[in-house]
Every structure is written in structure tokens, then in C-alpha cells.
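Scroll down for the structure; my scribbles are underneath it.
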Ligand SMILES: N[C@@H](CCC(=O)N[C@@H](CS)C(=O)NCC(=O)O)C(=O)O
């Protein structure tokens, strides 16, 4: 049995987890999930049936991890040899931007896409403040840093990078020089290219088969 069961659909946030799995060279068994026929094993592991969900078969235990950001960090933590965990002086940036992307950034982008923008009074209590403030904060960071932790790629870049990658592809974040330069850096990674090649091929096949 592979060390990880990976529930995925190529047209989903599971792409983030696949990239992370490849970054750590994990031994995984992919299980394709169709939205209208979710496997019982997925629903047993994650009642929401959300993707990505992974199960780590380890030491006689089945550890379930859902939430793409948690999946990324978990994979880095159980594969320390991959060198994608933050060092002592990278820890602050790592967690700051990982949680920023999973919380405020995701909310800002989805709320805007579905047509809700908080007014000035609401912005005080809404976690992302406003779409513009959120995007500007991220832009400012990457205008001065190559990666989340400065000069070195860490697992946080798989998650934050995916947010930028998808945002640029779906035009849900604006094209800015700092985002384009960051995307160019992470898209050059071998693991990114290997993971995307698999998902893109699967998407093509699914489209061809209706
Ligand atoms: N908060 C979750 C969101 C995951 C999520 O919404 N995944 C979507 C695909 S991108 C999904 O599984 N949708 C299927 C459903 O809700 O039934 C994460 O960050 O991983």
C-alpha cells in the first residue's frame, strides 16, 4: 500500500496537494473523485467530501488531513528531508503568509468573485478588510521578496503560490509585476511541472470523454 491515499479531482484545489506531494517525492495512490459519486472512503475520512483530502497510512494509523494549506504543511513536516520546512528565522514569514492565503486572501477573492465587497464600516470587522487591501499587502511582500520566506522556496510557497497561480489564471487577482515574477519562479520548479502535467493531461482526457 502506498504511504498516502490522495483523493483528488484534477479540476479542483487538489492540484495544490499534488504539487506538494511531488515536492516531497511522496509515495501516493491517487483516487479520482467524481462530484456526483464521491467514494465512501472519502466521506468516511472527510464528511464534507472536500478535496484535497489525504490519508497518511503510517505506523499502524490512518491520519486524515484536509484543508489544502494543512495538507501542504503536513507533507513538509513528515518529509523533513525535503528541506521545505521553515528555519528558525523563516518561521514567522512562513506561518504569517500561509494563514494569510488560507484566510483573508481566499475570502477576499471568493467574496469579490461572488459579488460581495464589504463597505467601509464592515471592513473594520471583516478579516480581509477589503479586496484591495489584501491584494496590496501580498503585492508589497513579493515586490520585496522572492519567496514567502525571503530568498528560499519553502512549502508555504506551494500554497501561497497556488493562490497566485490560480488568481492570475482566472483573473481573480490583478496582474502586477511582483505576482508575475513570483509565478515565473515557482512555475520553473520540477515538482510544479510534473504535478501540472499530470493534472492537465487528466483534464484533457475528462473533457474528451465528456
Ligand atoms: N477549505 C478547503 C476547500 C476545499 C474545496 O472547497 N474544494 C472543492 C474543490 S476546489 C471541493 O472539494 N468541492 C466539492 C464539494 O464541495 O462537494 C481547502 O482549502 O482545501
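The values are calculated or read from the model by the stated rules, or taken from the named source; none is laboratory data. Not measured: the values here are computed from a predicted model. Here Cβ is always computed from backbone atoms with ideal geometry, including for glycine, and neighbour counts include all displayed protein chains.
Some points to look at:
- Flag for residue 144 being more than 18 Å from the chain's Cα centre (by Cα) and within 16 Å of the ligand (Cβ to nearest atom): no
- Which numbered condition residue 202 fails, given (1) free of Cβ contacts under 8 Å to residues at least 40 places away in the same chain; (2) farther than 20 Å from residue 69 by Cβ; (3) surrounded by 12 or more Cβ atoms within 10 Å (Cβ to Cβ): (1)
- Residues of the range 1-19 classified as in contact with a strand residue (DSSP E or B) (Cβ under 6 Å, 6 or more places away or on another chain), assigned to a loop (DSSP other than H, G, I, E, B) and closer than 14 Å to residue 67 by Cβ, total: 0
- Against the test of being surrounded by 14 or more Cβ atoms within 10 Å (Cβ to Cβ) and in a strand (DSSP E or B), the options 73, 56, 22 yield a single qualifying residue, 56.
- Helices (runs of 4 or more DSSP H) (entirely within the range 81-159) containing at least 3 residues that are more than 27 Å from residue 12 (Cα to Cα) and modelled with pLDDT of 95 or more: 120-125, 131-144
- Just one of the listed residues (71, 109, 64) is closer than 15 Å to residue 160 by Cα, within 14 Å of the ligand (Cβ to nearest atom) and touching a strand residue (DSSP E or B) at 6+ places or on another chain (Cβ under 6 Å), and it is 71.
- When the residues of the range 34-52 are filtered to those that are within 8 Å of the ligand (Cβ to nearest atom) and either free of Cβ contacts under 8 Å to residues at least 40 places away in the same chain or in a helix (DSSP H, G or I) (or both), the one that is nearest to residue 155 (Cα to Cα) is 50.
- Against the criterion of being modelled with pLDDT of 95 or more, part of a helix (DSSP H, G or I), within 19 Å of the chain's Cα centre (by Cα) and over 29 Å from residue 8 (Cα atoms), residue 166 does not qualify.
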